[in-house]
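Accompanying notes for the structure given below.
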Amino acid sequence: MSRRFVQRSGIWMSGFTLIESIVTIAIFFVLILVVTNFIYMLYRTQGYTFEQSQAINEARKGIETMVKEIREAQMAENGAYVIEKADDYEFIFYSDVDKDLAVEKIRYFIDGSDFKKGVTEPTPVNQLSDLPAKYYPNDEKISVLSRFARNAPPVFHYYDGNGSELPAPARKRDSKLMKVYLVINVNPSRAPDDFVLESEVQIRNIKDNL
């Protein structure tokens, strides 16, 4: 590059031309943009990773609790069978989950991208009556176990005593073993990839027939 020299107080000093100054400033701003973009992408990636980690931890805790509750499933307070519904994305059963000697109605299900749990306490028909308790839908209390569930494959799988997977019509009657398969991903369009949580549980108090 060319230089121009300016004499000040008898001393010749080197200086940049206008073009050189513009080029230097442009390079400086390009570097600033590159560094800023890198920091932004790093922060964004770490944010997704942290959020996904939280969702996975929530789901893991939820599944651990669910496995314990399913293992101890039993007949309902009104005499209903242990399993009420056994679908791909919804499982309803009865279990004393809070150890209060009353059997609650438990519902695990996918709602959009949320994996949820519903609990319905039994309500006596009449405190002075011997009639069986009832489970009122409006009494159900729902909580979110995990967000960002991305299940295309079924969440719940049902197996008989020989380990054979059961078709829908036979699940309620013949299920002895269950597997839970939950896919978690905060944003499927970018890393990190899907995280799969899988667990199985033996239903202890299940009957051979309804």
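None of the figures in this text is laboratory data; all of them are computed from the coordinates on show. The structure presented is a predicted model; accordingly, all values stated were derived computationally and were not measured. Virtual Cβ from ideal backbone geometry, glycine too; neighbours counted across all protein chains shown.
How many nm separate the modelled label positions at residue 53 and residue 71, each set 7 Å beyond the Cα in the direction of the Cβ?
Output for this residue pair reads 2.9 nm.
Each residue of segment 142-157 in turn: what ³J(HN,Hα) in whole Hz from Karplus with 6.51, -1.76, 1.60 and θ = phi - 60°, glycine and Pro shown as x?
Working through the residues one at a time gives 10, 10, 9, 7, 7, 8, 6, 6, 10, 7, 8, x, x, 7, 10, 10 Hz.
Kindly provide the pair-distance distribution of segment 44-202 built from C-alpha pairs, with 10 Å bins from 0 and whole-percent values in order of increasing distance.
Final binned percentages: 11, 36, 31, 16, 5, 1, 0.
Given H placed 1.01 Å from N in the peptide plane, which residues other than close sequence neighbours of residue 166 have an amide H under 5 Å from its amide H?
Amide H neighbours of residue 166, under 5 Å, 5+ apart: 158, 159, 160.
Pull up all non-local amide H partners of residue 73: gap of 5 or more, or a different chain, and H-to-H distance under 5 Å with H placed in the peptide plane.
Under 5 Å from the amide H of residue 73 lie the amide H atoms of 204, 205, each far enough along the sequence or on another chain.
Step through the residues of segment 23-33 one at a time and calculate ³J(HN,Hα) from phi using the Karplus curve (6.51 cos²θ - 1.76 cosθ + 1.60, θ = phi - 60°), rounding each to whole Hz and writing x for Gly and Pro.
After applying 6.51 cos²θ - 1.76 cosθ + 1.60, I find 4, 4, 5, 4, 4, 4, 5, 4, 4, 4, 5 Hz.
Within a Cβ distance under 14 Å of residue 167, other residues only, what is the Lys/Arg minus Asp/Glu net charge?
-2
Can you list the residues, at least 5 places off or on another chain, whose amide H is less than 5 Å from the amide H of residue 150, using H built in the peptide plane?
183, 184, 185
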